[in-house]
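The values are calculated or read from the model by the stated rules, or taken from the named source; none is laboratory data. The model shown is predicted, which means the values in this text are computed figures rather than measured ones. Backbone-built Cβ (ideal geometry, glycine too); neighbour counts: all protein chains shown. Please note that ligands, DNA and RNA were not included when accessible areas were found on the heavy atoms of the full protein model with its side chains. Shrake-Rupley method; radii C 1.70, N 1.55, O 1.52, S 1.80 Å.
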Amino acid sequence: MMNKPLFIIAIVLIAVRQLSASSAAEIVISIPDQTLAVVDSGKLIARYRVSTSKFGNGENVGSYRTPLGMLFVSGKFGDHLPAGTVIKNRAPTGEIIAVDAPNRDAIVSRVIWLRGMERQNLAAHDRCIYIHGTPEERRVGKAASFGCIRMRSRDVIALYDRVHIGMHVTISEKAIDELLPQEKPTLLSRAD
């Protein structure tokens with residue numbers, strides 16, 4: 001017999017899968033390429049540079065590593081905030097930080113909270129694994145975070161407007177080209 005907390009998680013995951021099945025949009029993140037892409041119905045919609053954990057990949061609580069596998073968007077915070085607004089505990093503080101301000105490593109602009117869907121990443125939500133803005137934009141494109149996926153403020157604001165609760169997010173050690181759908185040749189694209 002399944003224990004009650006696991007049963008509740010299973011029901012929630014089934015509901016989220018059914019909800020997101022109605023929308024083909026998804027996010028894929030390549031750790032080696034430090035790239036995030038939005039894909040909808042087999043078409044690339046957007047591509048952004050990101051920064052994942054400087055400690056590598058993993059799930060252990062306190063490891064500061066980026067979890068791998070299938071997750072989903074469980075919350076969004078920061079509607080209509082100015083770029084650079086500091087967000088602490090998913091609420092704006094009122095402070096705005098300039099890009100690459102010295103000695104500032106805050107969560108800024110928007111927060112997209114992730115929840116794991118697989119045994120290996122179930123702790124992601126409790127670990128507060130986010131896709132979020134960073135004032136340290138000079139580090140975007142290199143592994144520099146403490147487990148989250150960091151983005152430039154303008155990019156996370158654009159992404160935030162494209163994502164919805166329940167949207168699937170895949171974080172992988174594969175190259176981005178392996179994660180993106182391949183264009184299918186048509187009669188109009190023949191080379192002969």
(request) Give the peptides 136-146, 67-77, 150-160, 97-107 in descending order of average Cβ contacts within 10 Å, highest first. (result) 150-160, 67-77, 136-146, 97-107
(request) Can you check what the Kirkwood hydrodynamic radius comes to for segment 75-144, Cα pairs only, in Å to one decimal? (result) 12.9
(message) So, for segment 48-192, what is the accessible surface per residue at a probe of 1.4 Å, expressed in square angstrom?
(response) 52
(request) Run a plain Debye calculation on segment 92-192 (Cα atoms as equal point scatterers, no solvent) and give log10 I(q)/I(0) at q = 0.10, 0.15, 0.19 Å⁻¹, rounded to two decimals, same order as the q list. (result) -0.39, -0.74, -1.05
(request) Sticking with the crude label model, points 7 Å out along Cα→Cβ, report the distance from residue 126 to residue 165 in nm, one decimal please. (result) 2.2
(request) Pop the C-beta distance of residue 79 and residue 142 into the FRET formula with R0 = 30 Å and round what comes out to the nearest 0.05. (result) 0.55
(message) For segment 29-137, take the convex hull of the Cα atoms, compute a quarter of its surface area, and give me that in nm², please.
(response) 7.6
(request) Run the quick spin-label model on residue 88 and residue 175: label points 7 Å from Cα toward the beta carbon, then report their separation in nm to one decimal. (result) 4.4
(message) Could you work out what % of the accessible surface of segment 21-148 is carbon and sulfur, using a 1.4 angstrom probe and leaving DNA, RNA and ligands out of the count?
(response) 51
(request) If a/c stays under 1.5 just call it rounded; otherwise compare a/b with b/c (prolate if a/b is bigger, oblate if not). Do that for segment 103-158, with a ≥ b ≥ c from the square roots of the Cα gyration tensor eigenvalues. (result) prolate
